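Structure first, then comments.
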Amino acid sequence: MGKQILIIGGGVIGLSTAYYAARKGHSVAVIERNAAQRDGCSFGNAGMVVPSHFVPLAAPGMVALGLKWMWNPRSPFYVKPRLSRELLAWGLKFWRASTPDHVRRAAPLLRDLSLASRACFEELAALPDNDFGLVKKGLLMLCKTERAWEEEARTAAKARELGIPAEVLDARKTAALDPNVRMNIAGSVYFPQDCHLSPHRFMVCLQRQLELLDVRFHWNTEVTAWRVSGNRIAAVETTQGDLTADEHVLCGGAWSPVIARGLRLNLPMQAGKGYSLTLPRPRQLPQICAIFSEARVAVTPMDGSLRIGGTMEIAGLNDAINPARIHGIIQSVPKYYPDFKPEDFDGLQPWRGLRPCSPDGLPYLGRARNWSNLAIATGHAMMGLSLGPVTGRLMAEILSDEKPSIDIRMLDPERYSS
Ligand SMILES: Cc1cc2nc3c(=O)[nH]c(=O)nc-3n(C[C@H](O)[C@H](O)[C@H](O)COP(=O)(O)OP(=O)(O)OC[C@H]3O[C@@H](n4cnc5c(N)ncnc54)[C@H](O)[C@@H]3O)c2cc1C
């Protein structure tokens, strides 16, 4: 028999969980403190579906790179120095996780999750009136320098070992693959299985599918506290009154640890702020989404416009826009696409979003240890859109007391609890 399920957070993870849970016959409601279709992290991201991202953020070399970039306000990665116990503890855990062994264990799991999610996107795109602009043309890692190209070629070799197709291309072959845009590069790696889509349209489509499945929405409703009884959640207190259910799923993105306060969960998390700018009429429109390898900037064609996004700024839970970082993104574009000019971006309103980042670069997925009717789905960092549908599918299996179809023990949400 179907259960009453309350999902906290209306981002891509919350809505995907709601979709697959409702499809299994559960009665589902979503609580979201904002209005419908507001511009949160799940709406303005780069829209990439990335089997190519099988290396977690916590990987060898990342700590050294982070320390080097920390002193450059325009760099792709920035940790705002601040006296915070949580930040220090998170940094220590990140450093401990950044080992070859962690990458070796995480990569096959990230591959399986990504490929399963890609298949879910294909299924969703085939539903009637559910066009969210899925383009299955792959992704190019564009390298300006021979050094970066060699490094990306090594990643391509690892990808092929994992069964993920990856082709190392020189500048001429790259230009032949995407003749719509002039590039100034040493070479690239092409990942043909990657895709891109319009995240805003995807979220709108998901919401419409949920309405068709009779999922209820509590918009403008903020979860403020939990009422517990023994080892169960008895009710969720919100700004619009108490809500009760058989099962609760925490999908609060970067705010998840704040929402979970009082439940004695240990969910180390930092908000990783990123920015994007969307050129409505770009000088040239590439067909294939790309990442500028050295600059760590993502470029995605989207419904005739071109979205350019990047930076990871660990600066707490705040929405402030840092102009130096926007400048860094804009300056990188003509370096790879020489026909573009920094002035192309004049007057554009930057978008920003907070990625939910766990210290080992892996999501938190599964049931809470001490609460029999609480599950957690968060911490997807740079891959929340890409892994959204498979997360929803796995959470629906867990909520239905089935064995998850992918072994996700590595993603235990209580892996940092003692
Ligand atoms: C610049 C940039 C580019 C990116 N590009 C990509 C990409 O190409 N591919 C990819 O896979 N990922 C990408 N990402 C990452 C992706 O956007 C995130 O991983 C994803 O959106 C996280 O989704 P979420 O549902 O966990 O969190 P969110 O979308 O943040 O949703 C959490 C929701 O919880 C709500 N909430 C918080 N507190 C409460 C409360 N107390 N009560 C009720 N509701 C509450 C929030 O309002 C929010 O709507 C990018 C991110 C950025 C910033």
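For the range 224-233, the criterion of being buried (at least 18 other Cβ atoms within 10 Å of the Cβ), at pLDDT 95 or above, closer than 30 Å to GLY347 by Cα and within 14 Å of the ligand (Cβ to nearest atom) is met by no residue.
Residues that are modelled with pLDDT under 95 and either under 19 Å from the mean Cα position of the chain (by Cα) or within 13 Å of the ligand (Cβ to nearest atom) (or both) number at least 1 in the following strands (runs of 3 or more DSSP E) confined to the range 280-334: 305-314. For the range 341-368, residues that are of a type outside the set (Gly, Ala, Ser), part of a loop (DSSP other than H, G, I, E, B) and crowded, with 22+ Cβ neighbours inside 10 Å total 4. Against the list (1) modelled with pLDDT under 95; (2) under 19 Å from MET269 (Cβ atoms); (3) among the hydrophobic types (A, V, I, L, M, F, W, C), the condition TRP71 fails is (2). Note on the range 29-54: residues that are hydrophobic (A, V, I, L, M, F, W, C), farther than 30 Å from ASP242 by Cβ and touching a helix residue (DSSP H, G or I) at 6+ places or on another chain (Cβ under 6 Å) amount to 2.
Only strands (runs of 3 or more DSSP E) whose full extent lies in the range 223-276 are considered here, and the ones with at least 1 residues that are touching a Ser or Thr at 6+ places or on another chain (Cβ under 6 Å) are 223-229, 232-238, 247-250. Inspect all residues belonging to the range 154-166 and state whether any of them is over 30 Å from GLU123 (Cβ atoms) and within 25 Å of the chain's Cα centre (by Cα). There is at least one residue in the range 154-166 that is over 30 Å from GLU123 (Cβ atoms) and within 25 Å of the chain's Cα centre (by Cα).
Among residues of the range 58-88 being of a type in the set (A, V, I, L, M) and outside any helix (DSSP H, G or I), the one that is farthest from ALA106 (Cα to Cα) is LEU83.
Checked against (1) modelled with pLDDT of 95 or more; (2) charged (D, E, K, R); (3) more than 15 Å from the ligand (Cβ to nearest atom), ARG216 passes all but condition (3).
In this structure, is ALA36 touching a residue at least 24 places away in the same chain (Cβ under 8 Å) and surrounded by 17 or more Cβ atoms within 10 Å (Cβ to Cβ)?
It is false that ALA36 is touching a residue at least 24 places away in the same chain (Cβ under 8 Å) and surrounded by 17 or more Cβ atoms within 10 Å (Cβ to Cβ).
Within the range 174-197, how many residues turn out to be within 11 Å of the ligand (Cβ to nearest atom) and over 23 Å from GLU150 (Cβ atoms)? Total meeting the criteria: 3.
Among the residues of the range 150-174, those that are hydrophobic (A, V, I, L, M, F, W, C) and touching a residue at least 60 places away in the same chain (Cβ under 8 Å) comprise ALA159, LEU162, ILE164, ALA166. For the range 234-262, a tally of residues being within 13 Å of the ligand (Cβ to nearest atom), modelled with pLDDT of 95 or more and not polar (S, T, N, Q) returns 15.
The values are calculated or read from the model by the stated rules, or taken from the named source; none is laboratory data. Please read these numbers as outputs of a predicted model, since none were measured by experiment. Neighbour counts run over all protein chains shown; Cβ positions are idealised from the backbone, glycine included.
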